[in-house]
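Accompanying notes for the structure given below.
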Amino acid sequence: MGIPLGSQFDLNAGLPIRKYEVVANTTERDAIPDIVRYDGFETYVEGDQKYRLEGGITNSDWIGLDSSFNSPLTTKGDLLTYSSVDVRLPVGTDGQILSADSTETTGLKWIDQPSSMIYPAAGIAVSNGTGWDTSITPSTGYLYYDGSTFSWESVSSSLWSQNGSDIYYNGNVGIGTSSPQTQLQIGDNTGSEKLLLFGSNSNTTSSEILFGDNTSGASPYYNGMGIRFDSANNYLSIDDNIVANTSLIAIERDTGNVGINKTNPDYTLDVGGNGRFTSTVTATNFILSSDIKLKENINKLNDSTDIISFNFKNDNEKRKRYGIIAQEIEKNNPELVYEDKEGYKQVAYIDYLLMKMAEKDKQINNLESRIEKLEKII
C-alpha cells in the first residue's frame with residue numbers, strides 16, 4: 001500500500017513532521033492537533049518565542065525556550081508580566097504608581113497617585129492607618145510622637161554642646177518626667193521606673209554605676225566607689241576602688257549569699273574580718289574555728305581537761321587564747337564538730353560548755369551526797 005506524498009509522516013523519521021513549525025499566536029499553537037504532537041515537539045510563535053512540548057503533549061506541557069526568546073517589550077519602562085502567556089505592560093505616565101488589580105489581564109495597572117498619598121512638597125509623610133498624614137512640615141527641633149500625632153518640639157540650641165564625639169548639657173535631664181529635680185531624674189511618682197545597664201558577658205566589669213571625685217588618680221572616680229555586676233562570676237558588688245575593682249560587699253546572684261570583704265561568699269553571710277553588734281544577736285548555734293591546723297604554740301592546761309592555750313597562726317599580734325582542739329573533741333563527741341567548705345573543723349562551743357557544765361553539776365551533786373553521808377556517820 002502506498003503512502004500519499006501529502007502525508008504528515010516521514011518514512012525515515014517515523015514521527016510526525018513539524019507541520020506547525022511557525023504559528024501566528026499562542027491560540028494557533030494550542031490548536032495544533034494531538035495527532036501531530038509528540039514529546040519534544042517544537043513550534044515558534046511569531047513575535048514571541050519558541051515553545052516545546054516536554055513531558056507530555058497537552059497545552060500545559062508547553063515550555064518556553066529562552067534561547068529563542070523575542071522580547072515583546074518595545075518601550076523604556078515596559079514591564080513583562082504573565083497571565084496565560086507573557087504579556088507586555090506598557091509604562092505609565094510620569095507620576096503614576098503601579099497598583100495590583102486582579103481584574104486586569106496582567107494583574108497590574110498604572111494609576112494616578114491618590115490624593116491621600118501625595119507627599120508634602122517638603123517634610124515627612126507618616127501613615128495614620130487609613131491614609132497619610134502630610135502635616136509634618138520641616139521645622140527646627142525634634143520630632144515627638146504623643147501616641148496619636150506627631151509634632152515638632154523646639155529645643156534651644158544653647159542647651160546642648162559638643163566636644164568631639166561627646167555632647168553635654170548644663171541643665172537637668174528628665175526621662176519620663178517633664179520637671180526633673182536633679183541632673184538626671186528617671187520617672188516621677190506615678191509609676192515604677194527602671195534603669196537597665198548591659199555589658200559584655202566576657203568582661204568581669206560588665207555593668208557599673210560609678211561615684212567618685214576629681215581630686216586625684218587616673219580618672220575622676222579613682223578614689224570613689226561604685227556598684228558593679230560581674231557577669232563572669234555572677235555577683236553584684238560594691239567596690240571601694242573602681243580602677244582596682246576591690247569589692248567591699250558582694251552578693252551572689254545564684255545563691256543570694258552576701259560577702260563582706262569576701263568576693264565569693266560561701267555562706268548566707270560570709271564576713272572576712274571582725275564583726276560588731278550593738279544590740280541582740282539571735283541564732284540557733286555559735287560555731288567557732290577550732291582546727292588544730294589554724295593554731296600554734298599549743299599547751300594543755302592540765303591532764304584532766306581538754307582546754308588548751310594557743311595562738312592563731314593568722315594573728316599578727318600573737319595574742320594568747322584559750323580553747324579546745326576540734327580533732328580531740330571529735331573522738332568522743334563527734335556531734336559537736338563541724339567542717340567548713342574549706343575543710344577546717346569547727347566546734348559548737350555553747351553546746352560543749354553546757355555539756356561540761358552538766359558533767360560538773362553531776363560531779364558536784366555526787367560530792368555533796370558523799371559529804372552528807374559522812375556527816376551523818378560522824
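Where a number appears in this text, it was derived from the coordinates with a stated rule and is not lab data. No experiment lies behind these values; they were computed from the predicted model shown. With ideal geometry, Cβ positions are generated from the backbone for all residues, glycine too; neighbour counts draw on all protein chains shown.
Of all GluC sites (Glu not before Pro) in region 348-378, which ones are in loop regions per DSSP and have a Cβ with at most 13 other Cβ atoms within 10 Å?
Details: sites: E359, E368, E372, E375; in loops: none.
Nothing satisfies the criteria.
What is the packing order of peptides 303-312, 345-354, taking the mean over residues of other C-beta atoms within 10 Å and listing the highest first? Mind dumping the intermediate values first?
Working: 303-312: 13.5, 345-354: 16.8.
The packing order, highest mean first, is 345-354, 303-312.
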A correct Karplus calculation of ³J(HN,Hα) over region 328-338, with 6.51 cos²θ - 1.76 cosθ + 1.60, θ = phi - 60°, whole Hz and x for Gly and Pro, returns 6, 5, 5, 4, 10, 9, x, 5, 8, 10, 10
So, in nm, how far is label N172 from label T255 when the simple model puts each one 7 Å beyond its Cα toward the Cβ? 4.4
Taking the Cβ-Cβ separation of Y349 and Q181 as r and a Förster radius of 56 Å, what is the calculated FRET efficiency to the nearest 0.05? 0.55
Say R0 is 22 Å: what FRET efficiency, to the nearest 0.05, do R88 and E54 get from their beta-carbon distance? 0.30
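Taking a cut-off of 12 Å, what percent of all Cα-Cα pairs in region 273-313 are separated by more than that? Intermediate values should be presented prior to the final figure.
Details: 595 of 820 pairs.
Summing the P(r) of region 273-313 above 12 Å gives 73 percent of all pairs.
Mind scanning K262/K356; K320/K356; K295/K362; K262/K300; K300/K360; K318/K362 and naming the pairs with a C-alpha gap bigger than 28 Å?
Details: K262/K356 35 Å; K320/K356 23 Å; K295/K362 32 Å; K262/K300 34 Å; K300/K360 19 Å; K318/K362 37 Å.
Too far apart for the 28 Å limit: K262/K356; K295/K362; K262/K300; K318/K362.
Work out the FRET efficiency for L248 and S192 from their Cβ-Cβ distance, taking R0 = 35 Å, and round it to the nearest 0.05. Can you show the working numbers first?
Numbers: r = 29 Å, r/R0 = 0.82.
Plugging the Cβ-Cβ distance into 1/(1 + (r/R0)^6) gives 0.75.
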Using label points projected 7 Å from each Cα along Cα→Cβ, tell me how many nm separate E42 and R370, to one decimal. 13.0
